[in-house]
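The values are calculated or read from the model by the stated rules, or taken from the named source; none is laboratory data. Here the structure is a predicted model, which means the values were calculated and not measured. Cβ sites come from the backbone with ideal geometry, for glycine too, and all protein chains shown count toward neighbours. Ligands, DNA and RNA are excluded from the accessible area calculation, which covers all protein heavy atoms including side chains. Shrake-Rupley method; radii C 1.70, N 1.55, O 1.52, S 1.80 Å.
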Amino acid sequence: MCYTEELIRNICVDIPNFISGKRLAHTYAVEQECAALAAIFSAHPRLFSQEDTFRLRIAALLHDITKEKTKEEQLALCEAYRIPLSDYERISPKVLHAKTAPYAATAYFNERYAQNVVDDGIRDAIYTHTTGAARMSLIGKLLYLADYIEPTRTFEDCIALRGRFYDALPSVREDASALLAHLDSVLLLSFDMTIEDLVKNGACIDPNTVAARNAILFERRHE
Ligand SMILES: [Fe+2]
Ligand SMILES: [Fe+2]
């Protein structure tokens, strides 16, 4: 696929057909954050290509496109696209948009622009952006982080995580392995904060978040 700035601009114009108000502002902020993260990671071209930069920015623009749908509409979309849902997902409307958005994005944008505008890499990143997952691509990890720390987020945890990522960045950005390890350590902190919050509130924990946390711990301890 030949991604261009013009395609990104066109998708930006399309997004208000799906979401509005604060969610629209958030989506554009996530795209900006993703562009900033891509600039850092693409300094290591073997880690992150120019095409990955476009994929990440497109995933950012599309990640919440079904978020304004009701729980009933989400479940109907899951049925229509035959998206398998766990028991947890069935009772957790907040996570459903991450399951339906990749399918809705593929149906609309691949019809509108080109068959492979929304590819597996983009779909996969959108699919894991809310809860994390045992296996996350680098695009998926960066989208997850950008969704959490983009500048319009004002929650204490978001501010703490933004600081944690950017404060230590100068000491790791030149070294690809150190940069990846730093990203993982920041994601680990975000999973810890999410799980801690859910426990405090007596809420269910999505098994994908536990799996995402375990995967980082396992990988880092066995290097
Ligand atoms: Fe989301
Ligand atoms: Fe989001």
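Annotations for the structure displayed:
- Number of residues in the range 54-88 that are away from ligand 2 (no atom under 16 Å from the Cβ) and closer than 17 Å to D147 by Cβ: the value is 1.
- Entry remark, the range 122-143: residues being within 12 Å of ligand 1 (Cβ to nearest atom) and under 12 Å from E31 (Cα atoms) number 1 in total.
- Verdict on T131 being in contact with an Asp or Glu (Cβ under 6 Å, 6 or more places away or on another chain) and closer than 24 Å to I91 by Cβ: yes
Results for (1) basic (K, R); (2) within 10 Å of the chain's Cα centre (by Cα); (3) at pLDDT below 95; (4) closer than 27 Å to P16 by Cβ, shown as yes or no for each residue.
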{"position": "N116", "(1), (2), (3), (4)": "no, no, yes, yes"}
{"position": "I122", "(1), (2), (3), (4)": "no, yes, no, yes"}
{"position": "Y127", "(1), (2), (3), (4)": "no, yes, no, yes"}
{"position": "I149", "(1), (2), (3), (4)": "no, no, no, yes"}
{"position": "T154", "(1), (2), (3), (4)": "no, no, yes, yes"}
{"position": "C158", "(1), (2), (3), (4)": "no, no, yes, yes"}
{"position": "D167", "(1), (2), (3), (4)": "no, no, no, no"}
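- Of all residues in the range 84-105, at least one satisfies being surrounded by 14 or more Cβ atoms within 10 Å (Cβ to Cβ), more than 13 Å from ligand 1 (Cβ to nearest atom) and assigned to a loop (DSSP other than H, G, I, E, B).
- Flag if E6 is closer than 21 Å to N116 by Cβ and of a type in the set (D, E, K, R): yes
- Subset of the range 2-23 [under 16 Å from A105 (Cα atoms) and within 11 Å of ligand 2 (Cβ to nearest atom)]: I19
- Breaking point among (1) more than 16 Å from ligand 2 (Cβ to nearest atom); (2) touching a residue at least 24 places away in the same chain (Cβ under 8 Å); (3) surrounded by 16 or more Cβ atoms within 10 Å (Cβ to Cβ), for L169: (3)
- Any hit, the range 177-200, residues being under 23 Å from A134 (Cα atoms), open to solvent by 60 Å² or more (accessible area, probe 1.4 Å), small (G, A, S) and part of a helix (DSSP H, G or I): yes
- Of the residues making up the range 141-174, those that are in a helix (DSSP H, G or I), farther than 21 Å from F48 by Cβ and not small (G, A, S) are E156, D157, C158, I159, D167.
- Residues that are over 26 Å from E219 (Cα atoms), hydrophobic (A, V, I, L, M, F, W, C) and open to solvent by 10 Å² or more (accessible area, probe 1.4 Å) within the range 106-135 comprise A107, A114, listed in sequence order.
- Residue within the range 91-103 that is under 18 Å from V30 (Cβ atoms) and more than 16 Å from ligand 2 (Cβ to nearest atom) present: no
- Answer residue from the range 142-162, given it is away from ligand 2 (no atom under 15 Å from the Cβ) and either among the aliphatic types (A, V, I, L, M) or under 23 Å from P45 (Cα atoms) (or both) and is surrounded by the most Cβ atoms within 10 Å (Cβ to Cβ) among those: A160
- Residues that are open to solvent by 20 Å² or more (accessible area, probe 1.4 Å) and either touching a helix residue (DSSP H, G or I) at 6+ places or on another chain (Cβ under 7 Å) or within 16 Å of ligand 1 (Cβ to nearest atom) (or both) within the range 34-53 comprise A35, S42, H44, L47, D52, listed in sequence order.
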